[in-house]
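Working notes for the structure below.
The values are calculated or read from the model by the stated rules, or taken from the named source; none is laboratory data. Nothing here was measured: the structure is a model prediction, and the numbers come from that model. As a convention, Cβ positions derive from the backbone with ideal geometry for all residues, glycine included, and neighbour counts pool all protein chains shown. Side chains are part of the model used for accessible areas, which takes the heavy atoms of the whole protein and leaves out ligands, DNA and RNA. Shrake-Rupley method; radii C 1.70, N 1.55, O 1.52, S 1.80 Å.
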Amino acid sequence: MSYIERANKRLDELRSKDGVVILAIESSCDETAVAVTRDRQLLSNVIASQIEIHKRYGGVVPEIASRNHTLAINNVVKEALAKADMTLDDVDCIAVTYGAGLLGALLVGVSYAKALAFASDKPLIGVNHIKGHIAANYLAKPDLQPPYVCLIASGGHTTIAYVKSLTEIEIKGCTHDDACGEAFDKVARVLDLPYPGGPQIEKLAKEGRATIELPTPYKDKETYDFSYSGIKTAVINYAHKCRQKGEELRRADLACSFQEKVTDIMVRNTIKCAEDMGVGTVVIAGGVGANGVLREKMSRAAESKGIKVFYPPLVLCTDNGAMIASQAYNMIRCGAKASNIDLDANANLKVFE
């Protein structure tokens with residue numbers, strides 16, 4: 001019997017088992033992350049962040065990220081198992097992010113996971129990174145059930161999804177240029193703020209007021225889509241004009257104005273989609289979901305419409321292994337087949353793949 005035949009036979013046994021133990025690896029960008037879960041219970045969640053390394057460059061350098069994943073991954077796996085008080089023998093399944101993300105970074109995690117699964121003769125499940133972000137909400141709220149509307153807001157994605165079931169997702173709106181997290185980083189650089197830009201802009205914005213007029217994309221159109229290029233460019237032009245004229249650049253006001261505009265649009269589109277789809281629940285996923293202003297606005301808007309809103313804890317908003325384990329558990333329960341040893345990284349994997 002081949003590896004894939006044994007793996008699928010084992011997955012069939014796991015579908016009805018209580019206490020499925022999953023070891024999950026995430027290496028799509030600049031965090032080497034590994035988690036161990038038992039069903040929807042989080043046993044360990046270890047994250048080796050590279051933020052301090054990439055700060056000096058103002059953003060993630062793919063080659064440096066890949067090399068640091070290679071250095072870190074074995075120790076992070078060992079630490080995750082130790083914190084869960086388990087050995088590899090206790091694990092039922094290996095899960096790994098295979099897309100989307102930085103190709104070199106993904107390849108480190110995928111290669112390690114394939115070797116680990118084959119050597120231990122355990123099933124391997126390749127997980128979509130963005131579906132993993134959505135699935136983080138099931139760890140925070142185990143009784144969460146589809147259908148619901150999810151705002152996916154991160155450095156690489158800004159998407160509104162209609163989650164029909166644990167594995168079926170329909171895209172209702174998306175960005176046509178920059179993702180919101182990408183726009184935060186670019187605006188932060190203009191304001192001379194360090195990487196990552198989101199937390200820095202949120203901190204600076206608390207000292208300012210939203211007094212600077214910025215454009216509203218798709219203002220007169222019925223759409224759930226996003227566009228951040230115009231807003232970002234308006235901020236850059238405003239800052240350059242102030243510097244060229246020798247005028248004071250009101251950095252805090254500009255940060256506040258940018259943050260208010262971006263979060264207003266995300267909240268408006270998400271709540272409108274939930275109303276139009278007739279669902280009573282909204283969830284937020286992704287790194288920008290940690291933004292306190294976004295959470296506050298979404299809660300107020302949802303409450304005014306009789307809609308429930310849920311967020312993962314901050315540690316599960318940014319990239320982590322726990323969210324990958326959560327999605328792998330969904331896939332097992334819904335009848336997914338195991339990934340073969342020829343599983344490859346896919347940097348451009350779409351949300352619906």
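Here's the yes/no breakdown for (1) in contact with a Pro (Cβ under 8 Å, 6 or more places away or on another chain); (2) closer than 14 Å to Lys131 by Cα; (3) free of Cβ contacts under 8 Å to residues at least 12 places away in the same chain:
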| position | (1), (2), (3) |
| --- | --- |
| Lys272 | no, no, no |
| Gly278 | no, no, yes |
| Leu294 | no, no, no |
| Ile307 | no, no, no |
| Thr318 | no, yes, no |
| Ala338 | yes, no, no |
| Val351 | no, yes, no |
Problem set entry | Any chance Thr167 is under 22 Å from Gly286 (Cα atoms), of a type in the set (S, T, N, Q) and either open to solvent by 50 Å² or more (accessible area, probe 1.4 Å) or not in a helix (DSSP H, G or I) (or both) | yes
Seminar exercise, completed: Lys78: passes all of (1) without any contact (Cβ under 8 Å) to a residue 24 or more places away in the chain; (2) more than 30 Å from Lys186 (Cβ to Cβ); (3) under 21 Å from the mean Cα position of the chain (by Cα) but (3)
For this session: Can you tell me which residue among Thr216, Thr223, Thr211 is among the β-branched types (Val, Ile, Thr), open to solvent by 60 Å² or more (accessible area, probe 1.4 Å) and either assigned to a helix (DSSP H, G or I) or touching a residue at least 24 places away in the same chain (Cβ under 8 Å) (or both)?
Result: Thr211
Problem set entry | Answer residue from segment 309-331, given it is open to solvent by 40 Å² or more (accessible area, probe 1.4 Å) and not in a helix (DSSP H, G or I) and is farthest from Pro146 (Cα to Cα) among those | Thr318
For this session: Select, from Gly306, Gly280, the only residue that is over 23 Å from the mean Cα position of the chain (by Cα) and surrounded by fewer than 21 Cβ atoms within 10 Å (Cβ to Cβ).
Result: Gly306
For this session: Identify all residues within segment 201-233 that are modelled with pLDDT of 90 or more and among the basic types (Lys, Arg); write none if there are none.
Result: Lys203, Lys206, Arg209, Lys232
Exercise. Among (1) touching a strand residue (DSSP E or B) at 6+ places or on another chain (Cβ under 6 Å); (2) touching a residue at least 12 places away in the same chain (Cβ under 8 Å); (3) assigned to a helix (DSSP H, G or I), which single condition is Ser299 missing?
Worked result: (2)
Exercise. Of everything in segment 134-151 that's open to solvent by 10 Å² or more (accessible area, probe 1.4 Å) and not in a loop (DSSP other than H, G, I, E, B), which residue is farthest from Thr167 (Cα to Cα)?
Worked result: Ala140
Exercise. Where residues in segment 170-182 are closer than 29 Å to Ala255 by Cβ and open to solvent by 50 Å² or more (accessible area, probe 1.4 Å), which of them is nearest to the chain's Cα centre (by Cα)?
Worked result: Glu182
Seminar exercise, completed: Among (1) under 22 Å from His129 (Cα atoms); (2) not in a helix (DSSP H, G or I), Met1 falls short only on (1)
For this session: Can you work out which of the residues in segment 236-265 that are buried (at least 23 other Cβ atoms within 10 Å of the Cβ) and among the hydrophobic types (A, V, I, L, M, F, W, C) is nearest to Ile171 (Cα to Cα)?
Result: Val262
For this session: Kindly indicate whether Ser154 is among the hydroxyl-bearing types (Ser, Thr, Tyr) and surrounded by fewer than 17 Cβ atoms within 10 Å (Cβ to Cβ).
Result: no
For this session: Residues that are open to solvent by less than 10 Å² (accessible area, probe 1.4 Å): find the helices (runs of 4 or more DSSP H) completely inside segment 13-120 holding 3 or more of those.
Result: 62-83, 103-120
